[in-house]
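Undergrad: What follows is a single structure, and I will ask about it in a moment.
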Amino acid sequence: MVKQLSLTDFLEKAKTTLVVDVRTPLEFKQGHIPGAVNISIFTNEERVIVGTTYKQQGRQPAILLGFELTGPKWAEFIRKAEELAPDKKILVHCWRGGMRSGAMAWSFDLYGFEVGTLKGGYKAFRRAGIDAFSKPYPFVILSGSTGSAKTETLKKMEDLGEQIIDLEDLAQHQGSSFGSMGKLEQPSQEQFENLLGLALQKMDISKRIWLEDESVTIGKRVIPKPIWDQMRKAPVIKIDIPKEDRIEFLNQDYGSLDKDFLKASVLRIAKRLGPLETKLTLQAIDEARMKDFIRQVLVYYDKTYAKGIASRHQESIHSLPLKHINPNENAKSILEFANQIKGVLETSEKI
């Protein structure tokens, strides 16, 4: 017997059960429930044909056409599901929780799977994620110049029991012209929002939530406006790390990257670097003087950071000098500092 589940129950069960999204590959690529696999009933083209038939001829002709198109596929659907879910437990959804998921769930149930479907389908999941953006959150922003190891420090803070949301990980981009690292592939905007919405729904809003200071865009992905507005009003802990330490840290991540990728990234910001700085930077890359290359681009990124931090409410910024890059020790120092000024942080949230 197929069980229809609420979104909350569906996502809870999804922690241990395979989720099958039966929409088309194009729909799935645009956005999907994280962790789901795609076993599409229709190809992208078939869905258009069936949809057109529904509009022009009605429901029953569209259903008959759907069965004609999928008839030879059902055995393969079941084989694939059995391969992916050998325990024969499976969750199924489509766009609205209608005929596509109903048909697939029926076939799995008939074969002997324990099947659950999502009431309202992917649309219900998408709506819940968007609704999450409008709720208030106790954000605290960790800020610092490029190369301050903020991401690594936040991860250590998470190990110490803090709540963090790693926006750069969700966006699969490090946030600068060099942020793809020559290999990262960004999710669609919709999928980025799905990941962020789900992360927010998992947070305990009675406790602070740490985010890294970001631009409104991370690569080509855009932070949803309600969250961006909250980030701009949230209290900021600004860590100050010596420049040479930042250069050394950045060299570990970027110094070994492909030279053609680095040069292309430099050329993308050439107008902002200026002709002389661009020439010197490209020359440093060609000559494998990677610390010199990093030192050159930091001139631009440090100016950009200074401008960005200056645009915030200065009352919300709390500076913490740190001697070196040491994520373990710096995480502890930041948390000690945050706890010392806890009342100040809570006050600045209201500015």
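The values are calculated or read from the model by the stated rules, or taken from the named source; none is laboratory data. Every value quoted in this text rests on a predicted model; they were computed, and no experiment measured them. A quick note on method: Cβ atoms are made from the backbone with ideal geometry, for glycine too, and the neighbour counts reach across all protein chains shown.
Undergrad: Kindly indicate which of Gly97, Gly66, Gly51 is modelled with pLDDT under 95, within 17 Å of Lys3 (Cβ to Cβ) and either touching a strand residue (DSSP E or B) at 6+ places or on another chain (Cβ under 8 Å) or assigned to a helix (DSSP H, G or I) (or both).
TA: After ruling out the rest, the residue left standing is Gly97.
Undergrad: Would you be able to tell me the number of residues in the range 304-321 that are farther than 15 Å from Thr146 by Cβ and either touching a residue at least 60 places away in the same chain (Cβ under 8 Å) or exposed (fewer than 11 other Cβ atoms within 10 Å of the Cβ) (or both)?
TA: Total satisfying the criteria: 11.
Undergrad: Could you tell me how many of the residues in the range 256-288 are of a type in the set (Gly, Ala, Ser), part of a helix (DSSP H, G or I) and closer than 19 Å to Lys183 by Cβ?
TA: Selection size over the range 256-288: 2.
Undergrad: Scan the range 243-280 for residues that are at pLDDT 95 or above and under 19 Å from Gly308 (Cα atoms) and jot them down.
TA: Those that are at pLDDT 95 or above and under 19 Å from Gly308 (Cα atoms): Lys243, Arg246.
Undergrad: Also, I was wondering about something else. Being under 17 Å from Thr217 (Cβ atoms) and either outside the structural domain of Gln252 (by TED's automatic domain parsing) or assigned to a loop (DSSP other than H, G, I, E, B) (or both) is the filter here; which residues of the range 144-180 pass it?
TA: Once the filter is applied, which keeps residues that are under 17 Å from Thr217 (Cβ atoms) and either outside the structural domain of Gln252 (by TED's automatic domain parsing) or assigned to a loop (DSSP other than H, G, I, E, B) (or both), the range 144-180 yields Thr146, Asp166, Gln172, His173, Gln174, Gly175, Ser176, Ser177, Phe178, Gly179, Ser180.
Undergrad: Condition first: exposed (fewer than 13 other Cβ atoms within 10 Å of the Cβ), within 30 Å of Ile341 (Cβ to Cβ) and without any contact (Cβ under 8 Å) to a residue 24 or more places away in the chain. Can you find one or more residues in the range 262-282 that meet it?
TA: no
Undergrad: All but one of (1) surrounded by fewer than 20 Cβ atoms within 10 Å (Cβ to Cβ); (2) part of a helix (DSSP H, G or I) hold for Phe77; which doesn't?
TA: Of the numbered conditions (1) surrounded by fewer than 20 Cβ atoms within 10 Å (Cβ to Cβ); (2) part of a helix (DSSP H, G or I), the odd one out for Phe77 is (1).
Undergrad: Can I ask one more? Determine whether the range 316-327 contains at least one residue that is under 28 Å from Lys155 (Cβ atoms) and in a helix (DSSP H, G or I).
TA: yes
Undergrad: Only one of these is farther than 17 Å from Glu336 by Cα, over 14 Å from the mean Cα position of the chain (by Cα) and modelled with pLDDT of 95 or more: Asp166, Asp213. Name it.
TA: Answer to the check: Asp213.
Undergrad: Here is a further query. If you scan the range 99-121, which residues turn out to be of a type in the set (Gly, Ala, Ser) and either in contact with a Cys (Cβ under 7 Å, 6 or more places away or on another chain) or under 23 Å from Val50 (Cα atoms) (or both)?
TA: Ser101, Gly102, Ala103, Ala105, Ser107, Gly120, Gly121
Undergrad: Could you grab me the full set of residues in the range 160-175 that are of a type in the set (A, V, I, L, M, F, W, C) and touching a Leu at 6+ places or on another chain (Cβ under 6 Å)?
TA: Within the range 160-175, Ile164, Ile165, Leu170 qualify.
Undergrad: Output the residues belonging to the range 63-98 that are more than 15 Å from Val115 (Cα to Cα) and aliphatic (A, V, I, L, M).
TA: Ile63, Leu64, Leu65, Leu69, Ala75
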